[in-house]
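Remarks on the structure that follows.
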Amino acid sequence: MKINNVSVIVPTLNSEKYIRRLIEILLINFSDIIIGVDTKSSDDTLKIVKEYPVKLIHIDNKSGYAENGVIKILAEQCSNKWILRLDDDELISNQLIEFIGNSLKTVNVSCVGFHRKWCRINQSQLEWMALPDYSYDWQWRLFKKDQVNFINDIHTPGYFFDTSKCAPI
């Protein structure tokens, strides 16, 4: 069953090699998906996004950073109070989808952080790592749009929040 109380936003630039897979996974699991395609994209990203029943927003991003207003522009298009922000080169796990679908009714914070596991293909083998020795790589990606303040600082989620919790690893 699709998650109907969360909107998903994805800013993208030159992602023709992987955007299709992300959109297909999102369409199975979420009912409100907004893809922001940077007008500087020079590959077939825009053409691919147009093939799918998602909200397409053209983003004229002069700074090159998603945090500089892009997240706010996309969030304004969302029909739900909860927003999940993904990068165009990320995939969402089944466990994260299950957490989102089952937990939001009882979450009383502005933002939820997820631990990111870095994955790559090396000589046709999947490698992944989590770095507990160096601390976890928390990504603050699930938020209530009416409880955050959007900011332009880079290397941030693109918003400031007062209350948060970490999802299970």
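The values are calculated or read from the model by the stated rules, or taken from the named source; none is laboratory data. Here the structure is a predicted model, which means the values were calculated and not measured. Reconstructed Cβ throughout: ideal geometry from the backbone, glycine too, with neighbour counts over all protein chains shown. The accessibility values were calculated without ligands, DNA or RNA, using every heavy atom of the protein model including side chains. Shrake-Rupley method; radii C 1.70, N 1.55, O 1.52, S 1.80 Å.
Need the failing condition index for residue 48 against (1) open to solvent by less than 30 Å² (accessible area, probe 1.4 Å); (2) in a loop (DSSP other than H, G, I, E, B); (3) farther than 20 Å from residue 71 by Cα, just the number.
It is condition (2) that residue 48 fails.
Does residue 108 fit the bill of being more than 24 Å from residue 155 (Cα to Cα) and in contact with a helix residue (DSSP H, G or I) (Cβ under 6 Å, 6 or more places away or on another chain)? I'd like the intermediate steps shown before the answer.
Details: more than 24 Å from residue 155 (Cα to Cα): yes; in contact with a helix residue (DSSP H, G or I) (Cβ under 6 Å, 6 or more places away or on another chain): no.
No, not satisfied.
Going through segment 10-45 one residue at a time, which ones are part of a strand (DSSP E or B), at pLDDT 95 or above and touching an Asp or Glu at 6+ places or on another chain (Cβ under 6 Å)?
Listed by number, the list holds a single entry, 10.
Of all residues in segment 103-119, how many are open to solvent by 100 Å² or more (accessible area, probe 1.4 Å) and hydroxyl-bearing (Ser, Thr, Tyr)? Show your work before the answer.
Looking only at segment 103-119, we keep the residues that are open to solvent by 100 Å² or more (accessible area, probe 1.4 Å), and these are 105-106, 108, 118.
If we keep only those that are hydroxyl-bearing (Ser, Thr, Tyr) too, we end up with 106.
Number of matching residues: 1.
Could you tell me whether residue 7 is in a strand (DSSP E or B), closer than 22 Å to residue 138 by Cα and polar (S, T, N, Q)? Spell out the reasoning first.
Details: in a strand (DSSP E or B): yes; closer than 22 Å to residue 138 by Cα: yes; polar (S, T, N, Q): yes.
In short, yes.
Search segment 120-169 for residues being farther than 22 Å from residue 91 by Cβ, among the aromatic types (Phe, Trp, Tyr) and at pLDDT 70 or above, and hand back the single one that is least open to solvent (accessible area, probe 1.4 Å).
My answer is 159.
When segment 53-102 is examined, which residues are found to be surrounded by fewer than 16 Cβ atoms within 10 Å (Cβ to Cβ), more than 16 Å from the chain's Cα centre (by Cα) and not in a helix (DSSP H, G or I)?
Those that are surrounded by fewer than 16 Cβ atoms within 10 Å (Cβ to Cβ), more than 16 Å from the chain's Cα centre (by Cα) and not in a helix (DSSP H, G or I): 53, 58, 60, 62, 63, 64.
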